Structure formats: C-alpha cells, structure tokens
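Structure first, then comments.
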Amino acid sequence: LKKILKMTKIIAELCQNHNGDIRILEEMVHAAAESGAEYAKIQSMLSKDLTHRKRFDNGLIEGGETRVRKRPYVDEFERLSKLDLDDDQHHLFLDFCKKYKIKPMTTIFNRSRLRFIESLNFEIIKISSFDCASHKMIEEISKSKFKEIIVSTGCTFDHEIKKTSEILKNKEFTLMHCVSIYPTPLSEVHLDRINYLRNFSKNVGLSEHSNSDKDGLKISISSLLYDVKYIERHFTILPKDKTKDGVVSLDPKELKFLCEMSKKSKNEISQYISENVKEFEKMKGLKQRELSNEELLNRDYYR
C-alpha cells in the first residue's frame, strides 16, 4: 500500500481586511477558495467588548524606552467599530464558504461569544496567541463540541503553553508556532520552536506575519519541512496599504503559490529552499528563548 502523505492545510486569515464591508468579505472568501486554501477564517470580535484601560491612553516611555504602548481607547474603539461582523454577517460568512466550497473557521476573543460560535457548527475554533494563557476561556472551550481547537502560541511563556496543553489533553488540538511581531523579520522567526511544541501536542503548525513584499514566502515555505499540519497567513484582496493588516498579508497570487508549494514533495521543497532561502539555517533559531521587548509590549496590550 502507498503511504498517504499528510498535506499541510492552508488557512486564509481574512482578519479585518474586509474593512467591515460584507461584499469585500464575500470576494475574499471566493478569492481564498480559488487560490487553493483549505480554510477561510474570520475573527469573532466585537468593538463593544473592548476594555478601556487608562494606561494605554497615554502610554509610558522611560529612559527612552517604551514601557507601555500608546493605544488610546477612543481611537481604537472608533477603528474597531467599523470592522464588526455581527451575528447575521457570521451566518452570511458561512453561506459564502458553502457557495465557494471552502471550509469556514473563526477565532474567538472572549468567553461571552462561545455559545453563539458553537451554535454555528464550526468544526474548528482558533484561539489567538494573546489568549493562549486565557485558561478560564480555554477550560470552557475544552468542554465544547468543536472537533478541533487550534491555539497560537506567540507572546506566551512556555509554562503557560504547557498548562494550556494539559487543559486540552482530552481534545484534538494543534499548537501553532507564532512570533507576535508585525511584521516578523527573518531573524526572529525561530522555526525550531515548531519541534519544541511537539513536546505538548502531536499536531503543530505555523501562524506567521512576515512582510511578503520584503521577504517573500520564505518562512511559510521553510516550515513545510517541519511537517506542519496547518499554515495560517493573513490574506487580502485590497491593496496592502488599504488595510491595517495589509503589510503582513498575502495577495491571491501569493496565497496560490503557497498552496501549490504545500502540495509538493519534501525533496522538491528542500530543493526550493536550498536555491531560494539562503537564510534558512539562521531562521531555525532557538527552541526555547526569551520574549523580545516588542512581543512583551504586544502581550501587555492585546491580552
């Protein structure tokens, strides 16, 4: 019998690149499907759930170094309120995925949305890096009916990843290596952490945020040598300067190329990397490392 190879599945993270326009969202789902992605993913966050924390209104700089990011509540609420996908639009998203024959997925951001998201019958739910240590929410999700839980691990300490894995031990789950620097430079990618995550889960993946205009698809393609189950990339059909996440997003042509590469043999991928990714050895980095100051600042705000 021929050995059946497990193909890496590509997740097109639509994030907020739809700019709150349901017509753009449909076009994104269509384009992701045409590019060959296995999943289209939205983010189930609502601006009304944003918490006002006064210290971020002015931020804090000491000794010339940023200690607290400046992200004023009023400005952030105004930005997010234009990007909400309400309950009806969630149902429309599912209709779009069915129409264009691509599997739907979403990211949950707080406990209050769990029952609603569960009612939509998503097979898989995603937990963002900034909630990898939100153990109360993860405990509740562990008791849900989702068939699989995907957890990104950026900005998370190793002991927190271990506890999350213990909570999910009776569920099918995947840990995604992620570096929460936007965009992520090649020098900070630390691909070998993918193998470290195998200490906690048989399923591992990559969620990455490099600038493809600068670094191509080097990180994503290199991760294919690590036998990842999933690769998640932000996706846009708009010019990359027209959305906040555009700089870390792939366009349809780039997404299609990644999907095509994910179906190649390991020998073909190795050959591509040897010819096109001269930084590969340096990109392996460390299995265990300290979080950078930028990651700590992002953790501080987004948690």
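The values are calculated or read from the model by the stated rules, or taken from the named source; none is laboratory data. Bear in mind that the values here come from a model prediction, so they are computed numbers and not experimental data. Cβ coordinates were reconstructed from backbone atoms using ideal geometry, including for glycine residues, and neighbour counts include every protein chain displayed. Surface accessibility is based on the protein's heavy atoms, side chains included, excluding ligands, DNA and RNA. Shrake-Rupley method; radii C 1.70, N 1.55, O 1.52, S 1.80 Å.
Assorted remarks:
- Positions within the stretch 6-32 being of a type in the set (D, E, K, R) and either open to solvent by 10 Å² or more (accessible area, probe 1.4 Å) or in contact with a Ser or Thr (Cβ under 6 Å, 6 or more places away or on another chain) (or both), in sequence order: LYS6, LYS9, ASP21, ARG23, GLU26, GLU27
- Flag if GLU123 is farther than 26 Å from VAL179 by Cβ and out of contact with any Asp or Glu (no Cβ under 9 Å at 6 or more places or on another chain): no
- Residue list for the stretch 138-164, restricted to those being open to solvent by 10 Å² or more (accessible area, probe 1.4 Å), part of a helix (DSSP H, G or I) and free of Cβ contacts under 8 Å to residues at least 40 places away in the same chain: GLU139, GLU140, SER142, HIS159, GLU160, LYS162, LYS163
- Residues located in the stretch 51-70, provided they are closer than 24 Å to ARG111 by Cβ and either surrounded by 15 or more Cβ atoms within 10 Å (Cβ to Cβ) or in contact with a strand residue (DSSP E or B) (Cβ under 8 Å, 6 or more places away or on another chain) (or both): ARG55, PHE56
- Any hit, the stretch 239-254, residues being among the aliphatic types (A, V, I, L, M), part of a loop (DSSP other than H, G, I, E, B) and in contact (Cβ under 8 Å) with a residue 24 or more places away in the chain: no
- For PHE200, the test of being assigned to a loop (DSSP other than H, G, I, E, B), among the aromatic types (Phe, Trp, Tyr) and touching a residue at least 24 places away in the same chain (Cβ under 8 Å) is passed.
- Restricting attention to the stretch 75-131 and to residues that are in a strand (DSSP E or B), out of contact with any Ser or Thr (no Cβ under 7 Å at 6 or more places or on another chain) and not β-branched (Val, Ile, Thr), the residue that is nearest to ASN203 (Cα to Cα) turns out to be MET105.
- Selection over the stretch 101-131 of residues that are on the phi < 0 side of the Ramachandran plot and open to solvent by 50 Å² or more (accessible area, probe 1.4 Å) gives a count of 7.
- Subset of the stretch 1-60 (residues that are of a type in the set (S, T, N, Q) and more than 21 Å from ASP86 (Cα to Cα)): THR8, SER35, ASN58
- The set of residues in the stretch 6-31 that are in a helix (DSSP H, G or I) and among the β-branched types (Val, Ile, Thr) comprises ILE22, ILE24, VAL29.
- Selection from the stretch 174-200 of residues that are more than 14 Å from the chain's Cα centre (by Cα) and open to solvent by 10 Å² or more (accessible area, probe 1.4 Å): PRO185, LEU186, SER187, GLU188, HIS190, ASP192, ARG193, ASN195, TYR196, ARG198, ASN199, PHE200
- Residue tally, condition of a type in the set (A, V, I, L, M, F, W, C), within 19 Å of the chain's Cα centre (by Cα) and part of a loop (DSSP other than H, G, I, E, B), over the stretch 256-303: 1
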